[in-house]
Each structure stands twice: as C-alpha cells, then as structure tokens.
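Chemist: Quick one: structure below, then a few questions.
Laboratory data are not the source of any read-out in this text; all were calculated from the coordinates shown. This structure is a prediction, so every number in the text was calculated from the model and none was measured. Don't worry about glycine lacking a Cβ; one is built from the backbone with ideal geometry, like all the others, and counts go over all protein chains shown.
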Amino acid sequence: MYIAMNRFRVVPGFEEAFENQWKAREGRLAEMPGYIEFHMLKGPKADDHTLYASHTVWETHAHFVAWTKSEQFRAAHARAGESKVQYLSGPHFEGFDVIIHEDRSGKRSAPEAA
C-alpha cells in the first residue's frame, strides 16, 4: 500500500470555508484503479493556523502516480485557484510506503520484499 498526504495550514477564521470547500468538491478518486480510501483530517490549532491533512490510501505507489497524471486529477483540482481560503503556505506533500499493516481484527501483514 501507499499513503499520500497533504498538510494544509489554514489561517484562523478560514476553517469553515476550507471544510466547506472540501465537502462541496466533486470526488473523482473512486474512478481510479488502485484507490482504497480518503480522509480529511482536522488537527490542532496554533496561534497562526489550524492544521489539516488529506490522506489517501492506494494499492501501490504506481496507482497514486497514475492518479496525479489522470484527467480525474485535473478535473478534481480545476477550481483550486478560486479558493478564498488563506493559507500560511502551500500544501506540504508527504508520501509513505506501508511496511506493516494491521487490520481491525489485529491481523498484521507486511509486503513481500521486492
């Protein structure tokens, strides 16, 4: 599995607009092979921002890369420049290969070594 995350530092007072923007956004992820799930996370507040993180899970890194090059990706991000939300800086991307996975029953698995 591969997890792709973007962190957003939203200026105080713009949290509701940020959340509404994501709630109204047309989801295109489910159209993509290898897509597993998405989460938008709200983190702690600091004096100058509230932290948010988007979190998508993919079967493989290659599936994630295919998403970033797809028509669905372009369509999902087409209106990004119209946002009225203020940020401290642009999104910060982090990507992770899953080396151990444990499901809700406690079963652990690790990918085979390549």
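Chemist: In terms of Cα to Cα distance under 21 Å, which lysines are near enough to LYS84, apart from those fewer than 8 places away along the same chain?
Modeler: List returned: LYS23, LYS42, LYS45.
Chemist: Looking at the calculated P(r) for segment 56-114, what percent of the C-alpha pair distances fall above 13 Å?
Modeler: Beyond 13 Å sits 75 percent of the P(r) for segment 56-114.
Chemist: Once label points are set 7 Å from the Cα along Cα→Cβ at both SER109 and LYS69, what is their separation, rounded to one decimal in nm?
Modeler: Label at SER109, label at LYS69, 2.7 nm between them.
Chemist: Let me ask something else. Between exposed trypsin sites (Lys or Arg not before Pro) in the chain, where DSSP calls loop and at most 13 other Cβ atoms lie within 10 Å, what's the longest gap? Please list the in-between numbers first.
Modeler: Values: sites that count: ARG25, LYS69, ARG79, LYS84, ARG104, LYS107.
Longest stretch, sites excluded: 26-68.
Chemist: Right, next: Work out from phi, with θ = phi - 60° and the Karplus expression 6.51 cos²θ - 1.76 cosθ + 1.60, the ³J(HN,Hα) of each residue of segment 88-94, listed in order in whole Hz, and give x for Gly and Pro.
Modeler: Each residue of segment 88-94 in turn: 5, 7, x, x, 10, 8, 9 Hz.
Chemist: Quick check on the chain: helices-only [θ] at 222 nm, where DSSP H runs of length 4 and up contribute -39,500 (n - 2.57) each and the sum goes over total residues. Nearest 500, please. Numbers along the way, then the final one.
Modeler: Working: 3 runs with 24 residues, N = 114.
Result for the chain, helices only: -5500 deg cm²/dmol.
Chemist: Taking the Cα atoms of the chain alone, what are Rg (to one decimal) and Dmax (as a whole number) in Å?
Modeler: 15.8, 47
Chemist: Roughly what percent of Cα-Cα pairs across segment 2-51 reach past 12 Å? Don't jump to the answer; show the numbers that get you there.
Modeler: Numbers: 860 of 1225 pairs.
Summing the P(r) of segment 2-51 above 12 Å gives 70 percent of all pairs.
Chemist: Just tell me the longest site-free run in the chain, where the sites are GluC sites (Glu not before Pro) in a DSSP loop having at most 10 other beta-carbon atoms within 10 Å.
Modeler: After excluding every exposed loop site, the longest remaining stretch is 27-111.
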